[in-house]
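The values are calculated or read from the model by the stated rules, or taken from the named source; none is laboratory data. Computed from a prediction, not measured in an experiment: that's the story for all the values here. Cβ: placed from backbone, ideal geometry, glycine included. Neighbour counts: every protein chain shown. Calculation scope for accessible area: heavy atoms of the full protein, side chains included, ligands and nucleic acids excluded. Shrake-Rupley method; radii C 1.70, N 1.55, O 1.52, S 1.80 Å.
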Amino acid sequence: MDETARVRLEARARIIKALGHASRLQMIDELSLGERCVCELRDLVGADMSTVSKHLSVLKNAGLVEDEKRGTQVFYRLKVPCVLKFFSCVEAVLENQAREAQRMTR
C-alpha cells in the first residue's frame, strides 16, 4: 500500500472512531434536526458539561460538527450532513442482521 492510501485510510478511521460512542451518535442524530446549544446536548445525553464538551471536541476535530459562540452560549451544527447517509447504511446492516437472526430461529 502506498503512503497516500495509508494516510487516507487512517483519516477514515479517525472519523469512524469519532462516531464510536453512543453519546456522540445521539448528539449527531439530534444535530441532524438543526443546531443545538451545548446545554441542550448535555440534557439530551444526561452527562456533565465536561463530558459533553469532550465528546463535541472529538466530533469537531473529526470535521463532523462546527460551533458558533453567541454571547455565553455555544451552538453546534452538523458540518457535513452526509454523515447521515452512513447512519442509513448502519441501519441497513442492522436490519439484515435481524432478518438473518429470524431465519436462524425458524
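Heavy atoms of the protein only, probe of 1.4 Å, neighbouring chains included. What is the accessible area of THR105 in Å², nearest 10?
Probe radius 1.4 Å; accessible area of THR105 about 120 Å².
Along Cα→Cβ, 7 Å out, is where each label goes; now give me the distance between the ones at LYS69 and LEU33 in nm to one decimal.
The two pseudo-label positions are separated by 2.8 nm.
Just by accessible area at a 1.4 angstrom probe, what is the order of LEU44, LEU9, LEU33 from largest to smallest? Could you put the intermediate results ahead of the total?
Numbers: LEU44 60, LEU9 80, LEU33 125 Å².
Most to least solvent-accessible, the answer reads LEU33, LEU9, LEU44.
In nm, to one decimal, how far is the GLN102 label point from the LYS54 one, both placed 7 Å along Cα→Cβ?
For GLN102 paired with LYS54, the spin-label model returns 4.0 nm.
Report the full-extension gain for the segment LEU94 to ASP43: residue separation times 0.36 nm, less the Cα-Cα distance, to one decimal in nm. List each step's numbers first, then the result.
Values: separation 51, 0.36 × 51 = 18.36 nm, distance 2.75 nm.
Taking 0.36 nm per residue and subtracting the Cα distance, the gain is 15.6 nm.
From the square roots a ≥ b ≥ c of the eigenvalues of the alpha-carbon gyration tensor of the chain, which class results: rounded (a/c under 1.5), prolate (a/b over b/c), or oblate? Walk me through the numbers before you get to the answer.
Details: a/c = 2.43, a/b = 1.36, b/c = 1.79.
Oblate is the answer for the chain, as a/c is 1.5 or above yet b/c matches or exceeds a/b.
So what J values fall out for segment 60-75 if you push phi through Karplus, 6.51 cos²θ - 1.76 cosθ + 1.60 with θ = phi - 60°, rounded to Hz, Gly and Pro as x?
In residue order, the calculated couplings are 5, 5, 7, x, 8, 10, 9, 10, 8, 8, 10, x, 9, 9, 10, 10 Hz.
Could you compute the net charge surrounding LYS17? Neighbours are other residues with a C-beta less than 13 Å from the C-beta of LYS17; K and R count +1, D and E count -1.
Working: positive: ARG12, ARG14, ARG24; negative: GLU10.
Summing Lys and Arg as +1 and Asp and Glu as -1 gives +2.
Counting each DSSP H run of 4 or more residues in the chain as -39500 (n - 2.57), what helix-only mean residue ellipticity at 222 nm follows after dividing by all residues, to the nearest 500 deg cm²/dmol?
Numbers: 5 runs with 70 residues, N = 106.
Taking each H run of at least 4 residues, the total per residue is -21500 deg cm²/dmol.
Could you tell me the accessible area of ARG8 in Å² (1.4 Å probe, neighbours in place), rounded to the nearest ten?
150 Å²
Treating the angle as unsigned and between 0 and 90°, give the value, to the nearest 10°, between the Cα long axis of helix 83-105 and the longest Cα principal axis of the chain.
Between the helix axis and the principal axis of the chain, the angle is about 40 degrees.
Can you tell me which of ASP48, ASP29, ASP67 moves the most in a GNM of the chain? Springs connect C-alpha atoms under 10 Å apart.
Largest GNM mean-square fluctuation: ASP48.
³J(HN,Hα) across segment 22-32 via Karplus (A = 6.51, B = -1.76, C = 1.60, θ = phi - 60°), whole Hz, x for Gly/Pro?
4, 5, 5, 5, 5, 5, 4, 4, 5, 5, 5
Which of GLU35, GLU66, GLU91 moves most in a GNM of the chain, Cα contacts under 10 Å?
Maximum among the listed residues: GLU91.
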